[in-house]
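Below is one structure, written out as structure tokens; the observations come after it.
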Amino acid sequence: MLTLVAFVVALGLLIAVHEYGHYRMAVACGVKVLRFSVGFGKPLLRWHRKGSSTEFVLCALPLGGYVRMLDEREAAVSPAERHLAFNTQPLRSRAAIVAAGPAANLLLAIAIYAIVNWSGVEEPKPILSVPVAGSIAERVGLKGGEWVAQAATAGEEPTDIGSFEDLRWRMTQAALSNDDMTLSVAPREGEATRTVVLPLSELDVREADAALFQRIGIASPWSAPVVGEVMQGGAAARSGLRDGDVVRSVDGKTVRDGQSLRAIIRAATGPGGEAVVQRWEVERGGQSMQIDVTPTPEQQAGIWVGRVGAYIGATPEMMTVRHGAVDGLIGGVVRTWEVSWLTLKMMGRMVIGEASIKNLSGPLTIADYAGKSASLGVTSYLLFLALISVSLGVLNLLPLPVLDGGHLMYYLWEGVTGRSVSDVWMERLQRGGVVILMALMSVALFNDVARLAG
């Protein structure tokens with residue numbers, strides 16, 4: 001139920017903001033708006049604002065919306081109201097009305113990011129876990145436990161890293177741009193730093209997924225190798241492990257953090273999925289003891305991995321990230337720009353085959369993320385809304401005839417040539433745009449099903 005409510009609220013809000021952008025600009029340009037609708041299908045609510053001729057409608061299916069304006073191309077317009085019709089407006093007004101929808105979504109994202117920056121958010125400190133074996137981070141000499149003070153990519157000045165999430169975002173951008181990243185790391189916060197270079201350009205990244213961070217080797221913030229909640233009937237419970245047990249070694253190999261312990265557990269299966277017994281040395285109540293643990297083999301994406309039925313790793317060290325009024329707003333603008341630019345670059349790389357179309361997500365994935373982010377709290381849900389709002393704004397600016405960007409493309413042609421696109425070509429382009437959009441939606445829906453099934 002939470003997933004459904006979070007999804008409907010998110011979609012309804014983002015669509016309403018988008019259409020309100022069109023509506024407000026139309027009114028500002030002197031265009032008569034006949035209907036403002038959020039959703040399609042059977043109307044649930046209808047009303048008129050005092051002194052306004054616009055009918056406001058809320059419909060049953062919140063999967064879109066529209067602003068219907070007075071327009072001679074759609075219906076006859078009386079001579080007395082011809083100056084209020086959309087099609088009679090100057091080019092700059094028509095372009096502004098069309099662009100206002102995506103602009104409203106981008107402004108909403110800026111506002112949400114700014115609000116989060118002002119209110120503050122709890123995030124893990126930028127302390128590195130033990131690198132994944134064979135990864136880039138291990139190759140360049142990172143050991144785990146380092147504090148990341150600054151980061152930079154080619155041609156940039158080093159900037160401070162505010163949290164582990166900030167570091168992940170910077171690594172994602174660099175990897176997708178095929179840029180190497182320079183990190184300034186220290187044994188502890190405030191101590192002297194040394195420089196390491198992550199050669200991310202050699203990764204040939206096509207998807208921004210969990211596997212990317214495994215390849216980089218920086219998969220999670222540092223956490224102590226502690227056994228958390230133990231589930232009844234699981235391998236941990238059967239072995240006698242308890243909440244709070246600190247794992248010192250497994251089969252004589254020292255365990256340095258939660259990430260390395262999780263990797264050891266996952267690897268505890270035979271080639272055919274056979275169970276493997278491990279000898280754990282744990283500390284409980286100040287005493288050391290030996291416990292035999294047999295992780296349960298499970299298949300994930302065709303690969304056998306071990307599971308113990310317990311939360312592994314203590315909660316990472318947290319910090320409150322908060323910004324002042326001006327810095328918070330600037331941060332909102334910067335983050336919106338970064339997400340927008342990254343989205344455009346990924347779309348461009350998918351078009352030329354340099355990135356996988358698996359990066360496309362549809363309504364099922366959005367609904368899943370909506371529910372998960374809502375369950376984590378208000379801040380996580382707000383950040384989800386901001387991300388989807390940016391995506392909606394950027395998507396609508398693409399030069400596809402059925403989208404706002406397609407109409408802006410028509411207006412660009414009109415501005416350059418001095419004449420509008422003919423009705424014949426308009427119809428052809430609209431049909432082509434529908435075909436492309438339907439193909440993209442089909443791929444996104446297929447990706448959704450594949451993700452959820454996996």
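The values are calculated or read from the model by the stated rules, or taken from the named source; none is laboratory data. These numbers were taken from a predicted model, which means no experiment stands behind them. When we count neighbours, we look across all protein chains shown, and the Cβ atoms used for this are built from the backbone with ideal geometry, even at glycine. Each accessible area value is taken on the protein alone, full model and side chains, heavy atoms only, with ligands, DNA and RNA left out. Shrake-Rupley method; radii C 1.70, N 1.55, O 1.52, S 1.80 Å.
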- Message: Can you give me the % of accessible surface on the stretch 256-401 that is carbon or sulfur? Probe 1.4 Å, all protein chains present, nothing else counted.
- Response: 62
- Task: Quantify, in whole percent, the carbon and sulfur part of the accessible surface of the stretch 122-222 (1.4 Å probe; protein heavy atoms only).
- Result: 47
- Query: Which of the trypsin sites (Lys or Arg not before Pro) found in the stretch 28-64 are in a DSSP loop and have at most 11 neighbouring Cβ atoms, other than their own, within 10 Å?
  - Reply: R49, K50
- Message: I want to verify the translational diffusion coefficient of the stretch 34-100 in µm²/s; compute it with Stokes-Einstein, Rh as the Kirkwood radius over Cα pairs, at 25 °C and 0.890 mPa s.
- Response: 184
- Message: Please list R428, R307 from largest to smallest accessible area, probe radius 1.4 Å, with all protein chains kept in place.
- Response: R428, R307
- Task: Could you please state, rounded to a whole Å, how far the C-alpha centre of the stretch 110-136 is from the C-alpha centre of the stretch 230-283?
- Result: 28
- Task: Leaving out ligands and nucleic acids, note down the accessible area per residue over the stretch 135-254 with a 1.4 angstrom probe, in whole Å².
- Result: 48
- Item | Linear extension gain, S177 paired with V443, 0.36 nm per residue minus alpha-carbon span | 93.4 nm
- Scattering profile of the stretch 361-434 from the Debye formula, Cα beads only, expressed as log10 I(q)/I(0) at q = 0.20, 0.24, 0.25 Å⁻¹, is -0.82, -1.01, -1.06
- Among the DSSP H helices of the chain, those whose Cα atoms extend at least 24 Å along the helix axis and whose mean Kyte-Doolittle hydropathy is 0.5 or higher are 2-28, 91-119, 325-351, 378-396, 423-453
- Query: Sorting K345, K42, K358 by accessible area (1.4 Å probe), largest first, what list results?
  - Reply: K42, K358, K345
- Message: Let me make sure I get this right: for the stretch 145-231, a, b and c are the square roots of the gyration tensor eigenvalues over alpha carbons, sorted descending. Under 1.5 in a/c it's rounded, otherwise prolate if a/b > b/c, else oblate. Which is it?
- Response: oblate
- Give me the Kirkwood hydrodynamic radius of the chain, using the inverse of the mean 1/r over all pairs of distinct Cα atoms, in Å to one decimal. 25.5
- Note on the structure: If each part is reduced to its alpha-carbon centroid, the stretch 403-454 and the stretch 145-174 end up apart, in Å, by 37
